[in-house]
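Please read through the structure below; I'll follow up with questions.
Here, each number is a calculation from the coordinates, and none is a lab measurement. Everything quoted here is computed from the prediction, not taken from an experiment. Note that each Cβ is placed from the backbone with ideal geometry, even for glycine, and that neighbours are counted across all protein chains shown.
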Amino acid sequence: MIEIFTFVFIFILGVIIGSFLNVVIYRFNTGKKITKGKSMCMTCGKSLHWNELIPMFSFLFQFGRCRGCRAKISYQYPLVEFFTGVIFTLIAYHLYPILEISTINFVVLLSIFLFIFSILIIICVYDFRHKIIPDSLVYTYIIISFLLIFINTTGVGSFFVIPSIWGVLAGPMLALPFALIWYFSSGKWMGFGDAKLMLGIGWMLGLNMGIVALMISFWIGGIFGIFALIFKRFTKVNSKTEIPFAPFLILGTLIVFLFNINIYKLLSIF
């Protein structure tokens, strides 16, 4: 019973934070302060009251429209809020066995990874919308991921550890191919932001799991591209359309993180 309440609390927390992530996504690089200023309708500028700011529910109760001008509200709002709640809950479930070992370790690790994936959610949606990965966000992710190699994420034994040489090299080794593709294609085939993102992913997951995350990302991206072209009448995607790769990298990273998929597990499937 306590477990259920814990996961419900984490989900609600994720939905609330997801609402804040939407604010960051919309206001980032617009000159508007993220933590100040009233929320308003993007169409008519109407200031929103508290009952119009309830995550997910306000969108449903208002049938996806502004009460003032009746303009449609982007589906991004409820989707980001809902999936942030889901992702937070899955992360808590993934780390929950650590709670039996150490409550402090569980809380600290949970806080770290919730913060990390909050950054990744912003990067994912922002790159999808604007085809660019903000430096300030990806550098923050890189720094946290690098510090993570000095932390024992299993929850067993000492909290701080001395990383192996492969743990240190994982980030640069996984980022290098992306950097080379960016360099030799002059940025036409791959953005440099993807290389920086891969640097953080390598340090967070390690070389073994990082390679798997990369493979899964390419698979998901390929499937998405095929379906987008098949249904191009609705997706408005053609062979020349620029498709951001960061969302696929982040999704692959989330899958590998949650299920602890390494190369050996992946090979066992085949």
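Please list 132-142, 192-202 highest first by mean number of surrounding beta-carbon atoms within 10 Å per residue.
Working: 132-142: 17.6, 192-202: 25.3.
The most tightly packed comes first, giving 192-202, 132-142.
OK, next. Over the chain, what is the relative contact order in whole percent, taking alpha-carbon pairs under 8 Å and six or more residues apart? Mind dumping the intermediate values first?
Values: 319 pairs, mean separation 43.8, N = 270.
Taking the mean separation of contacting Cα pairs over the length of the chain, I get 16 percent.
When a/c is below 1.5 the answer is rounded, else prolate if a/b is larger than b/c, else oblate, so apply that to the chain with a ≥ b ≥ c taken from the square roots of the Cα gyration tensor eigenvalues.
Note, shape of the chain comes out oblate.
Mind putting a number on the dipole of the stretch 133-270 about its Cα centre? Charges go on the C-beta only, +1 for Lys and Arg and -1 for Asp and Glu, and I need it in Debye to the nearest 20.
Working: 7 positive and 3 negative charges, 95 e Å.
The calculation lands at about 460 debye.
With a ≥ b ≥ c the root eigenvalues of the C-alpha gyration tensor of the stretch 149-201, is it rounded (a/c under 1.5), prolate (a/b larger than b/c) or oblate? List each step's numbers first, then the result.
Values: a/c = 5.69, a/b = 3.22, b/c = 1.77.
Because a/c hits 1.5 or more and a/b exceeds b/c, the stretch 149-201 counts as prolate.
Through the Karplus equation 6.51 cos²θ - 1.76 cosθ + 1.60, θ set to phi - 60°, convert the phi angles of the stretch 117-134 into ³J(HN,Hα) values in whole Hz; use x for Gly and Pro.
Coupling constants for the stretch 117-134: 6, 5, 4, 5, 5, 4, 4, 4, 5, 5, 5, 5, 7, 10, 6, 8, 9, x Hz.
So for Cys44, Cys66, fewest C-beta neighbours within 10 Å to most, what's the order? Display every interim value, and only then the final one.
Values: Cys44 12, Cys66 18.
With the sparsest Cβ surroundings first, the list reads Cys44, Cys66.
If you average the C-alpha positions of the stretch 245-265 and of the stretch 85-144 separately, how far apart do those two centres end up, in angstrom?
Between the Cα centres of the stretch 245-265 and the stretch 85-144 lies a distance of 13 Å.
To the nearest 500 deg cm²/dmol, what mean residue ellipticity at 222 nm is calculated for the chain from DSSP H runs of n ≥ 4 alone, each contributing -39,500 (n - 2.57), summed and divided by the residues? Mind dumping the intermediate values first?
Working: 10 runs with 177 residues, N = 270.
Computed mean residue ellipticity for the chain: -22000 deg cm²/dmol.
Right, next: Return the long-range amide H neighbours of Met40 (sequence gap of 5 or more, or a different chain), with a cut-off of under 5 Å between placed amide H atoms.
The list, which skips near neighbours in sequence, is Leu48.
Counting pairs on different chains as well as pairs 8 or more places apart, how many Lys pairs in the chain have Cα atoms under 20 Å apart?
14
Arg65's amide H: which non-local residues (gap 5+, or another chain) put their own amide H closer than 5 Å, with H modeled 1.01 Å from N in plane and none for Pro or chain starts?
The list, which skips near neighbours in sequence, is Ile73.
For the stretch 1-100, what class follows from the C-alpha gyration tensor (a ≥ b ≥ c being the square roots of its eigenvalues): rounded when a/c is under 1.5, otherwise prolate if a/b is larger than b/c, else oblate? All intermediate terms of the calculation are to be shown ahead of the outcome.
Numbers: a/c = 2.91, a/b = 1.95, b/c = 1.49.
In terms of gyration-tensor shape, prolate.
Average the reciprocal distances over every distinct pair of alpha-carbons in the stretch 70-150, invert the result, and give the Kirkwood radius in Å. Could the numbers behind the result be given before it?
On the way: mean 1/r = 0.0695 Å⁻¹.
Over the stretch 70-150, the inverse of the mean reciprocal pair distance is 14.4 Å.
Would you please put 120-128, 148-156 in order of how densely packed they are, using the mean number of other Cβ atoms within 10 angstrom per residue and starting with the highest?
On the way: 120-128: 22.7, 148-156: 15.6.
Most protected by this proxy first, the peptides run 120-128, 148-156.
Under a point-charge model restricted to the Cβ atoms of Lys and Arg (+1) and Asp and Glu (-1), what is the dipole moment magnitude of the chain relative to its Cα centre, in debye to the nearest 20?
Numbers: 19 positive and 8 negative charges, 279 e Å.
With only Lys, Arg, Asp and Glu charged at Cβ, the dipole is about 1340 debye.
Projected onto the charge dipole of the chain (+1 at Lys/Arg Cβ, -1 at Asp/Glu Cβ, origin at the Cα centre), which of Gly202, Gly14, Phe63 gives the Cα projection farthest towards the positive end?
Phe63
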